[in-house]
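The values are calculated or read from the model by the stated rules, or taken from the named source; none is laboratory data. Being a predicted model, the structure only gives us computed values, none of them experimental. Don't worry about glycine lacking a Cβ; one is built from the backbone with ideal geometry, like all the others, and counts go over all protein chains shown. For the accessible areas, the whole protein counts, side chains as well, though only heavy atoms, and no ligand, DNA or RNA atoms are used. Shrake-Rupley method; radii C 1.70, N 1.55, O 1.52, S 1.80 Å.
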Amino acid sequence: MTYKWNYLTLSPDKKNTQNELAEELNIHPVFAKILINRGIKTKEEAEKFLHPRLEDLHDPFLMPDMEKAIKRIETALGNKERILIYGDYDVDGTTAVSLVYKFLRKITSNIDYYIPDRYDEGYGISFRGIDYALSTGVKLIISLDCGIKAISKVAYAKEKGIDFIICDHHMPDDELPDAVAVVDAKRTDSIYPYSELSGCGVGFKLVQAFSQRNGFPFEDIEPLLDLVAVSIASDIVPLTGENRVMISFGLKQLNGNPSFGLRGIIEICGLARKNITVNDIVFKIGPRINASGRMMNGKEAVDLMLATDMDAAREKSKNIDKYNEDRRELDKKITEEAIDYIEHHLDIENLRSIILYNENWHKGIIGIVASRLTEKYYRPTIVLTKSNDMMISGSARSASGFDVYKAIDACKDILENFGGHMYAAGLTLREENLPEFTRRFNSLSFDGIESRMMTPQITVDAEIPLSQITHEFVQELALFSPFGPENENPLFMTKGVRDSGGSKLVGKGLRHIKLEIIDDSISAPVQAIAFSKHSYFQRIKEGQPIDICYTIEENTHGSRSFIQLLIKDIRDR
């Protein structure tokens, strides 16, 4: 893949701010520049960013309808009403259900949880779920990570004498469901200071509000932040503001004293006694939790996260791990089929979006496949499969700043259901409407995506010589973690590096380069790894200088720690 390198520069005014921040915070000027590029301009903002504190969490009662939600829960508990915690089948939904259920089960035993079946019920609130609530005597449903568009479902529940509290983080329509409370910071009337919480994050705010109102110390709910961290990383919400605070402390919990269920997954992933990072959640923990809902039923993931002893957690983790293995095989098969179809049947060079439909593809895998195709072709991609006799369902992923949710919303008159956000969405439509939807979506993407946007971009935070990469430099860099959306691991550039003599090809098929490199500023080589860059090896071994773009990590091997560069791209001089 060929990247375009964009180098971030500062205006004269911002350079003055850079120098002031570096002096006030006693940090390297490079890091002051990175702070400014992240929109942080004052010492106070920088202190909050570099040193997150739980005291910086916002008042949960600033959330729309939070007061109503807490009063209704208190009434339910006082009247010994049966409560159902309802959530989606993905990581965010299952962690949210687990979090609220874990908290409330300490207060009442008259409680249950429900995860809809991806295949029979689909995303969000279902009539079957409400009928289940009715049959078990439920009077209050608390929905998490879903429900913001469930107008007809909430009305049906109300007819049956069941109240709803909706806790969601998705974009609402102009009309809200007729629930007792609709807690969503994305409501147009919201005054909440931060609108990018995960669904589980909204669940935590509900628990925080209840604790605050009823005199429970914050220390009682702080352990639940391990679930919030898993949801934030897996749902790919911005790692800014309140999310940054919650994931920072959630990672501490995950590394120090995770719940039995998460500890079971950590062990099965091979992460025990290792420092768990956002990447570990995204690529190891999250996919296993997701696999339950993709391959079987998300309820099994909740069962695991609610485990009350390690024997049960380990047993359930083995099942989840098996689902993940099955998911991997299907993922590989369907992705290969999709790529083969694109290469042989689509004029990809003249398309600015990709829409694929195959009635035999597994519904639980198509979101992953859409992500892989977006990464490969750098175009908005929608992958669809058969949902039932009349309907087809799909997952959409976007790239290059194109708002895929907005484009799908523009086609809502021919859709049965849809939801999501700018970069990821889900949709359901009748099969006969697929040609018209394809025409409209392709037209919208053609108008909304310029050809330059289909070239993947690299944003370089700073150019530095290799001599600047010391252990002290890496320790300062660690203050910027955890890394993720809108707080990516800083990318550095160094020009004119060359092989010190020890570089070699490694890995399966010898496709990766393990580099030992120097530049004019140092004589002792720096270690680096360049995945899938074997085509540059001959030039590097011949001593030709190259420019590199990379992130920096500090690895530990036994008792020894060493700095390694992870090379994102290489450019000939």
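Just checking my list (i) 69, 69, 48; (ii) 85, 55, 40; (iii) 76, 58, 51 against Cα extents along the principal axes in Å computed from this structure; which label fits?
(iii)
Between Ile165 and residues 5 or more places away or on another chain, which pairs have amide H atoms under 5 Å apart, with H built 1.01 Å from N, and which residues are they?
Excluding prolines and chain starts, which carry no amide H, the hits are Ile141, Ile142, Ser143.
Putting +1 on Lys and Arg Cβ atoms and -1 on Asp and Glu Cβ atoms, find which of Ala313, Cys411, Phe216 reaches farthest to the positive end of the dipole of the chain.
Ala313
Would you mind giving the average projected area, over all directions, of the Cα convex hull of the stretch 265-313 in nm² with one decimal?
Values: hull surface 14.5 nm².
Its average projected convex-hull area is 3.6 nm².
Hey, if you drop one equal point scatterer on each alpha-carbon of the stretch 125-280 and run the Debye formula without solvent, what base-10 log of I(q)/I(0) do you get at q = 0.13, 0.17, 0.20 Å⁻¹?
For the stretch 125-280 at q = 0.13, 0.17, 0.20 Å⁻¹, log10 I(q)/I(0) is -0.71, -1.05, -1.21.
Across the stretch 183-197, in residue order, what do the Karplus-derived ³J(HN,Hα) couplings come to in whole Hz, using 6.51 cos²θ - 1.76 cosθ + 1.60 with θ = phi - 60° and x for Gly and Pro?
Per residue, the Karplus-derived 3J(HN,Hα) values read 9, 7, 5, 8, 4, 5, 9, 6, 10, 5, x, 9, 10, 10, 5 Hz.
Report the GluC sites (Glu not before Pro) located in the stretch 314-401 that are in a DSSP loop and have at most 11 other Cβ atoms inside 10 Å of their Cβ, or state none. Each step should come with its number before you reach the end.
Numbers: sites: Glu315, Glu325, Glu329, Glu336, Glu337, Glu343, Glu349, Glu359, Glu375; in loops: Glu359.
Within the stretch 314-401, the qualifying GluC sites (Glu not before Pro) (loop, at most 11 other Cβ atoms within 10 Å) are Glu359.
Below 8 Å between Cα atoms, with a sequence gap of 6+, how large is the relative contact order for the stretch 477-520 in percent?
Details: 38 pairs, mean separation 13.9, N = 44.
The value is 32 percent.
Could you tell me the distance between the Cα centroids of the stretch 216-249 and the stretch 266-333, to the nearest Å?
Each part reduced to its Cα centre gives a spacing of 19 Å.
Can you tell me the 0 to 90 degree angle between the C-alpha axis of helix 286-295 and the longest principal axis of the chain, rounded to 10?
50
Please work out the Cα center distance from the stretch 501-573 to the stretch 420-454, rounded to the nearest Å.
Here the answer is 40 Å between Cα centres.
Excluding Glu554 itself, calculate the net charge of residues whose Cβ lies under 14 Å from the Cβ of Glu554, where each Lys or Arg counts +1 and each Asp or Glu counts -1.
Numbers: positive: Lys274, Arg560; negative: Glu472, Glu476, Glu553.
That sum, taken over residues with Cβ under 14 Å, equals -1.
Less than 20 Å from a label point 7 Å out along the Cα-to-Cβ axis of Thr2: which backbone N atoms in the stretch 390-418 qualify, by residue?
400
Once you've got the Cα coordinates, tell me which of Lys4/Lys504; Lys406/Lys568; Lys68/Lys160; Lys14/Lys48; Lys332/Lys514 are over 29 Å apart.
Flagged as over cut-off: Lys406/Lys568.
Can you sort His28, His344 by 1.4 Å-probe accessible area, starting with the largest? Don't jump to the answer; show the numbers that get you there.
On the way: His28 55, His344 130 Å².
The ordering from most to least exposed comes out as His344, His28.
Relative contact order for the stretch 416-554 using alpha-carbon pairs under 8 Å, separation at least 6, rounded to a whole percent? Show your work: numbers first, answer last.
On the way: 166 pairs, mean separation 28.2, N = 139.
Contact order relative to length: 20 percent.
Using a 1.4 Å probe, what is the accessible area per residue for the chain, in Å²?
Working: 25510 Å² over 573 residues.
With all protein chains present, the chain gives 45 Å² per residue.
Which aspartates and glutamates, on any chain, are close to Lys412 with Cα under 12 Å apart, when same-chain ones fewer than 8 places away are left out?
Candidates past the 8-residue exclusion: Asp173, Glu436.
Given 0.36 nm per residue, what is the gain on full extension from Thr308 to Val282 after removing their alpha carbon distance, in nm? Could the numbers behind the result be given before it?
On the way: separation 26, 0.36 × 26 = 9.36 nm, distance 2.47 nm.
Gain on extension, Thr308 to Val282, equals 6.9 nm.
Report the Rg/Rh value for the stretch 359-467, based on alpha-carbon coordinates and the Kirkwood definition of Rh. Don't skip to the end; give the middle numbers.
Working: Rg = 16.2 Å, Rh = 14.9 Å.
Computed over Cα atoms, the ratio is 1.09.
Starting from 0.36 nm per residue, how many nanometres of slack lie between Glu359 and Thr108 once their C-alpha separation is accounted for? Walk me through the intermediate numbers first.
Numbers: separation 251, 0.36 × 251 = 90.36 nm, distance 4.46 nm.
Roughly 85.9 nm would be gained on extension.
Looking at the stretch 178-283, which trypsin sites (Lys or Arg not before Pro) are DSSP coil and have at most 11 other C-beta atoms within 10 Å of their C-beta?
Working: sites: Lys186, Arg187, Lys205, Arg213, Arg244, Lys252, Arg263, Arg273, Lys274; in loops: Lys186, Arg187, Arg273, Lys274.
Of the trypsin sites (Lys or Arg not before Pro), the ones in loops of the stretch 178-283 whose Cβ has at most 11 other Cβ atoms within 10 Å are Arg273.
Compactness ratio of the stretch 123-185: Cα Rg over 2.2 N^0.38 Å, N = residue count?
Details: Rg = 10.7 Å, N = 63, 2.2 N^0.38 = 10.6 Å.
That ratio works out to 1.01.
Starting from the residue with the highest accessible area, list Thr335, Thr188 in decreasing order, probe 1.4 Å.
Details: Thr335 15, Thr188 145 Å².
Per-residue accessible area, sorted high to low, gives Thr188, Thr335.
If you average the alpha carbon positions of the stretch 337-396 and of the stretch 37-60, how far apart do those two centres end up, in angstrom?
40
In 10 Å bins starting at 0, how do the alpha-carbon pair distances of the stretch 217-343 split up by percent?
Whole-percent P(r) values from 0 Å outward: 13, 41, 31, 12, 3, 0.
What full-extension length gain, to one decimal in nm, is calculated for Glu542 and Lys318 as 0.36 nm per residue of separation minus the Cα-Cα distance?
Length gained between Glu542 and Lys318: 75.7 nm.
Compute the projected area of the convex hull of the Cα atoms of the stretch 455-573, averaged over all viewing directions, and report it in nm² to one decimal place.
Working: hull surface 33.8 nm².
Approximately 8.5 nm², given one-decimal rounding.
In the stretch 79-202, if every C-alpha pair distance is counted and binned at 5 Å from zero, what percent goes to each bin?
Here the calculated profile for the stretch 79-202 is 2, 12, 23, 24, 21, 12, 5, 1.
Among DSSP bridges having both ends in the chain, what percentage is antiparallel? Round to the nearest 5. Let's see the in-between values first.
Working: 44 of 75 bridges.
In the chain, DSSP labels about 60 percent of beta bridges as antiparallel.
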